[in-house]
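Have a look at the structure below, then the notes.
The values are calculated or read from the model by the stated rules, or taken from the named source; none is laboratory data. Everything numeric here is computed off the predicted structure, so don't read it as measured data. All Cβ positions, even for glycine, are placed from backbone atoms using ideal geometry, and neighbour counts span all protein chains on display. Just so you know, the surface numbers come from the protein's heavy atoms only, side chains and all, with ligands and any DNA or RNA stripped out. Shrake-Rupley method; radii C 1.70, N 1.55, O 1.52, S 1.80 Å.
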Amino acid sequence: MLESDTTSGQPLPRCVMPEPITPELIYHLKTVGDPALSPGGTLLAYTLGWVDEESLGARSRIMLMDLGSGSCKELTDGEKDSAPKFSPEGSQLAFLRSVDGNPAQVWSMAADGCDANQLTHAAKGVFDYAWSPDGKTMVVCGDVDPEENPQDGPEDLPQVTVVRRVRYRYDTLGWRGDSHFHLSVLDVESLESRQITDGDWDDTAPVWSPDGSQIAFMSGRRDDRDFLALSEVYTVPAAGGEPKLMSEGLFSVGALTWSPEGRRLAVVGSDAPEGMVLWQGWLYVLEDGKDPRRLTGDSIKPYLGFPPVMRPAALWWADDGRIIFLGERKGESFLFQAPSGGGPSETVWGGSCLSTGLTLDGKAGQAVVTASFPDSPGDLHQIDLATGASKRLSNHNDSYMEAHPAARMEKFSIERPGGASGFEIECRLYFPPGFDASLVYPLVLDIHGGPNGAFYDAFVPAQQVLATAGYLVLAVNPRGSSTYGADFMMAVLGDWGGEDYLDLMAAVDDVVQRTYVDADRLGVHGYSYGGYMTSWAVGHTNRFKAAVVGAPCINLHSMYGTSDIGISFGEAQWGGSSVDAADKMLERSPITYAADVDTPVLLLHGDADARCPISQSEEYFTVLKRLNKEVEFVRFPGCSHLFPRMGHPRMREEYLTRTLGWFNQYLA
């Protein structure tokens with residue numbers, strides 16, 4: 001298309017803009033995960049996920065790559081195959097398979113892809129598993145219900161459900177009742193299985209000792225386990241017996257591995273009584289009869305994923321004493337090696353990415369990680385642990401990204417009061433394609449969840465959809481964000497809507513000074529705690545002309561009693577129980593300031609959300625509507641709190657479409 005120069009009459013070339021990244025990216029992008037190297041390091045198995053064009057359902061299969069030739073093939077043909085793991089000698093490959101929507105079971109096949117056989121028939125499926133060192137057995141982690149409720153009367157009559165504990169449900173996992181995750185040992189040849197743990201608690205993350213005699217695992221067996229998110233490490237004989245506590249002195253743990261000689265354990269743990277290991281843990285060595293010995297400092301946050309929805313993160317203890325793990329620092333991921341005897345951790349690889357999967361070969365000479373960069377949704381990278389040299393192995397999304405290039409990202413920091421010497425607040429600003437500093441652009445402030453989450457140097461679909469549609473997108477890590485040290489992370493406890501809010505507004509103040517930012521066209525979006533902060537912001541300032549509030553915490557007092565983590569999370573975050581801190585909860589609740597809202601508000605919420613229940617949005621919608629405010633409420637059927645990441649593709653697309661549409665309506 002050509003424009004005419006009004007002075008000369010000659011046509012001027014008009015730049016051909018790249019295609020924007022639209023909400024339909026859900027149907028085009030593929031995901032890679034669960035990398036598993038063969039013991040010899042010549043083969044790599046991994047999970048490839050995509051959306052089926054006809055059914056629009058999520059699909060996944062196991063891929064097998066020959067690292068010598070670079071050739072790659074589809075190894076399995078199921079609808080939902082995942083979590084591949086090679087047997088110790090490398091001849092067999094096990095994986096999880098879900099058939100016709102039923103719970104996943106363990107299957108096994110020859111490493112060349114022949115003769116897949118189902119190994120387990122667990123009533124509620126299998127969540128995790130691990131080969132024994134001799135390859136003859138497996139330890140399996142699955143849901144066990146101590147006593148199925150007998151049917152009372154004819155089958156077609158409705159039945160009641162009985163609740164006996166606070167933690168009777170868990171977001172995304174759904175109804176838990178009296179069910180718990182427990183461990184069983186499976187004979188791979190006879191398929192006979194025996195349960196080796198039981199009790200009114202969950203037992204997860206099983207790891208075999210090198211000689212196969214013991215299994216280490218994580219559990220939460222304290223008397224107050226129904227109220228606090230604390231956990232411990234235990235070992236149990238593989239033949240069964242009484243578990244032994246190994247983590248005395250730590251309040252919570254998140255990952256573990258054995259030492260090569262089998263006398264010690266390396267764990268990611270925390271000695272903070274709030275049980276915050278997920279957001280800031282440290283690497284420890286555990287040895288029977290000795291206090292935990294810390295190996296890492298505050299500048300590294302070992303990666304843990306999102307248990308129990310995700311399987312535990314990988315740790316590796318090499319024969320030469322190196323402990324190898326993924327860690328995070330200031331919104332970036334790295335591969336670290338820590339000497340088990342103590343001393344500084346070495347950065348092997350990383351930076352400018354978010355890495356979430358790790359596997360090593362049998363000699364700990366090479367690693368493969370999954371990593372997302374600001375301009376790349378996610379790929380597999382092979383790393384030489386001796387030199388740090390790396391090579392990208394996968395390119396499943398290259399064609400889409402070439403046609404739909406990602407937004408450019410700039411990082412900057414602002415100084416804010418806090419701590420002993422002030423806090424540095426790190427920000428990321430995304431620019432529209434073809435950005436021209438002589439023009440002015442609307443800006444959307446994006447607020448992460450947590451509050452102890454963080455924005456990383458990574459590809460975030462919502463930010464890319466907005467930025468490539470013509471918006472500047474500002475992503476800030478205010479105090480409370482993880483990866484910046486424990487003091488920074490803990491600064492938000494008991495102060496939601498206080499200095500964290502001021503950090504965000506200071507970042508906006510800084511950016512709007514730039515000549516290309518239109519201060520009259522500001523929007524704000526956030527999800528979970530980000531939804532809380534979005535609704536808090538519009539109750540305290542009218543600078544934003546549109547707000548998209550995703551799965552928010554609106555009334556802290558009512559959320560305490562309705563969220564699946566209202567007690568374990570809320571008491572640490574909000575300063576006490578609903579009895580002790582009732583006044584403060586209401587003072588720091590966005591619903592208290594609904595009358596001051598002048599910004600048009602779009603509420604987006606899954607109706608199966610147990611974390612921030614949909615009643616939170618219902619309360620806010622009702623009050624805003626009664627006050628004649630401009631508000632719209634969209635309910636996503638059957639969707640849990642994690643649906644924007646893990647939900648049905650149609651619902652994930654709808655979330656992005658409505659977010660973009662709301663900002664287009666009020667800011668474009």
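Worth pointing out:
- For region 262-419, the fraction of alpha-carbon pairs lying more than 18 Å apart is 64 percent, rounded to a whole number.
- Separation in nanometres of the label points that stand 7 Å from Cα toward Cβ, at ASP224 and VAL440: 5.5
- Mean Cα-pair separation over length for region 102-251, i.e. relative contact order, pairs under 8 Å, 6 or more apart, %: 16
- Mean Cβ neighbour count within 10 Å, used as a protection proxy, ranking 597-610, 465-478 highest first: 465-478, 597-610
- Note that the chain, at 10 °C in a medium of 1.306 mPa s, gets a Stokes-Einstein diffusion coefficient of 60 µm²/s from its Kirkwood radius over C-alpha pairs.
- Axis angle, to the nearest 10 degrees, between helix 499-511 and the longest C-alpha principal axis of the chain: 50 degrees.
- Simple spin-label estimate for SER91 and VAL309 in nanometres, 7 Å along Cα-Cβ: 4.1
- Computed over the chain, relative contact order equals 9 percent, with contacts defined as Cα pairs under 8 Å that lie 6+ residues apart.
- Contact order normalised by residue count of region 528-624, Cα under 8 Å, 6+ apart, percent: 39
- Integer Hz, Karplus 6.51/-1.76/1.60 couplings in order for region 344-349, x for Gly and Pro: x, 7, 9, 7, 8, 7
- Cβ-derived FRET efficiency at R0 35 Å, ALA239 paired with LYS290, nearest 0.05: 0.85
- Within region 16-124, the proportion of Cα pairs with more than 20 Å between them is 45 percent.
- Taking the Cα atoms of region 493-547, the ratio Rg/Rh between the radius of gyration and the Kirkwood radius comes to 0.98.
- Using only side-chain charges placed at the Cβ, +1 for Lys and Arg and -1 for Asp and Glu, the dipole size of region 548-668 relative to its Cα centre rounds to 320 debye.
- Both the radius of gyration and Dmax for region 358-421 are 17.4, 49 Å, in that order, over alpha-carbon atoms.
- Share of carbon and sulfur in the accessible heavy-atom surface of the chain [1.4 Å probe, %]: 50
- The phi-based Karplus calculation (6.51 cos²θ - 1.76 cosθ + 1.60; θ = phi - 60°) puts the 3J(HN,Hα) values of region 471-477 at 9, 6, 10, 9, 10, 10, 10 Hz, whole numbers, x for Gly and Pro.
- Against the chain, whose longest principal axis comes from its Cα atoms, helix 615-626 is set at around 20 degrees.
- Reducing region 178-252 and region 501-525 to their Cα centroids gives an inter-centroid distance of 49 Å.
- Approximating the spin labels as points 7 Å out from Cα along Cα→Cβ, the ALA595-to-TYR516 distance works out to 4.3 nm.
- For a modelled paramagnetic label at SER352, 7 Å from Cα along Cα-to-Cβ, the residues of region 394-409 in reach, with backbone nitrogen under 12 Å, are 409.
- Gain on full stretching of the segment that runs from ARG408 to ALA386 - 0.36 nm per residue minus C-alpha separation: 4.7 nm
- Residue-normalised accessible area of the chain, expressed per residue, 1.4 Å probe, Å²: 41
- The slack between ARG164 and ASP200, meaning 0.36 nm per residue of separation minus the straight C-alpha distance, is 11.8 nm.
- Protection proxy ranking of 154-165, 631-642, 85-96, by the mean of other Cβ atoms within 10 Å over each peptide's residues and highest first, is 85-96, 631-642, 154-165.
- Taking the longest Cα principal axis of the chain as reference, the axis of helix 529-538 is set at about 20 degrees.
- Checking the Cα-Cα distances for LYS30/LYS73; LYS80/LYS391; LYS545/LYS584; LYS73/LYS136; LYS85/LYS244 against a 21 Å cut-off, the pairs over it are LYS80/LYS391; LYS545/LYS584; LYS73/LYS136; LYS85/LYS244.
- In plain terms, if you count all Cα to Cα distances in region 108-245 and split them into 10 Å steps from zero, the share in each step is 11, 36, 31, 17, 5, 0 percent.
- Region 455-589, Cα convex hull volume normalised per residue, Å³: 119
- For region 243-250, Karplus couplings with θ = phi - 60° (6.51, -1.76, 1.60), whole Hz, Gly/Pro x: x, 10, 5, 10, 10, 4, x, 10
- Take 405-412, 531-538, 34-41 and order them by the average number of nearby Cβ atoms within 10 Å per residue, most first; the result is 531-538, 34-41, 405-412.
- Fully extending the segment from VAL579 to ASP271, taken as 0.36 nm per residue of separation minus the present Cα-Cα distance, adds 108.2 nm.
- Backbone amide hydrogens, once placed in the peptide plane, bring SER352 within less than 5 Å of SER333, excluding anything fewer than 5 places away on its chain.
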